[in-house]
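Participant: Questions regarding the structure given below will be posed in turn.
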Amino acid sequence: TENVIREKSLGVEVPAKRTPKSKTYFNPEDNNFTTTFNSGYLHYRDRSGKFRDIDRRIVPSSDSSFFEVTRGFYRAKFEFNLTDTAFPVTFETRDGIRFRSKPTALAYFDLVSKRIEVIQKAQKSNAVVTGNKIRYPEIFPGVDVEYEYGDTKFKQNILLVQQARAGLPNAARAGFNS
């Protein structure tokens, strides 16, 4: 139940005593409370003000139409494929601030002239989920895009294998400043 959560050696968790970074347990054998503290966040406040356990795992939505994270400081939604919708990645804070993303092309950008040269448009890529990370492999040849759901951050990683890097057109020959 919500009011009593059993832990093997510490006793029974008392959810009413939770903080963002701690859990408190009552041990009926010695009639003592024990509080454990964590350097990272364990709980977030839900809309009713109760502290709930953070679950960083990316999982299928209840209707299996996309992937999501709903139990944390912010929500995240990921489409199965990065190229099928206008905004396949959505990150939203609990107070409604929303950030949406869609990788569309791999390009060179010249800082001096502000010129953009598209090298490759994004190609269809189906999501692969592992825990709190979702990866879209080969969105460009040799390039994966990965999103990571953390306690207080939402991170996008562009993963470029050495072979793909070696295959990029020479920026200087294309008239770009290096």
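Participant: With a Förster radius of 30 Å, plug the Cβ-Cβ distance of ALA166 and VAL129 into 1/(1 + (r/R0)^6) and report the FRET value to the nearest 0.05. Let's see the in-between values first.
Facilitator: On the way: r = 29 Å, r/R0 = 0.98.
For ALA166 and VAL129, the calculated efficiency is 0.55.
Participant: How large is the accessible surface of THR130 in square angstrom, using a 1.4 angstrom probe and rounding to the nearest 10?
Facilitator: That residue has around 100 Å² of solvent-accessible surface.
Participant: Moving on. Give the cross-link partners of LYS50 among the lysines, using a straight C-alpha distance below 22 Å as the criterion and excluding same-chain residues fewer than 8 apart.
Facilitator: Partners found: LYS17, LYS21, LYS23, LYS153.
Participant: Still on this model: Report Rg/Rh for segment 38-178, rounded to two decimals, where Rg is the Cα radius of gyration and Rh the Kirkwood radius. Can you show the working numbers first?
Facilitator: Details: Rg = 18.0 Å, Rh = 16.9 Å.
The Rg/Rh ratio comes out at 1.06.
Participant: With no solvent and one equal point scatterer placed on each C-alpha of segment 90-150, evaluate the Debye formula and give log10 I(q)/I(0) for q = 0.13, 0.17, 0.19 Å⁻¹, two decimals.
Facilitator: Result of the Debye calculation: -0.49, -0.75, -0.86.
Participant: When the accessible area of segment 1-139 is computed with all protein chains present and a 1.4 Å probe, what percentage of it is carbon and sulfur?
Facilitator: On the way: 4550 of 8820 Å².
Ligands and nucleic acids excluded, carbon and sulfur reach 52 percent.
Participant: Also, I was wondering about something else. Roughly how many Å is it from the Cα centre of segment 2-79 to that of segment 145-159, as a whole number?
Facilitator: 22
The values are calculated or read from the model by the stated rules, or taken from the named source; none is laboratory data. Remember, it's a predicted structure, so these values are computed and weren't measured experimentally. Note that each Cβ is placed from the backbone with ideal geometry, even for glycine, and that neighbours are counted across all protein chains shown. To get the accessible areas, we keep the full protein, side chains included, count just its heavy atoms, and leave off ligands, DNA and RNA. Shrake-Rupley method; radii C 1.70, N 1.55, O 1.52, S 1.80 Å.
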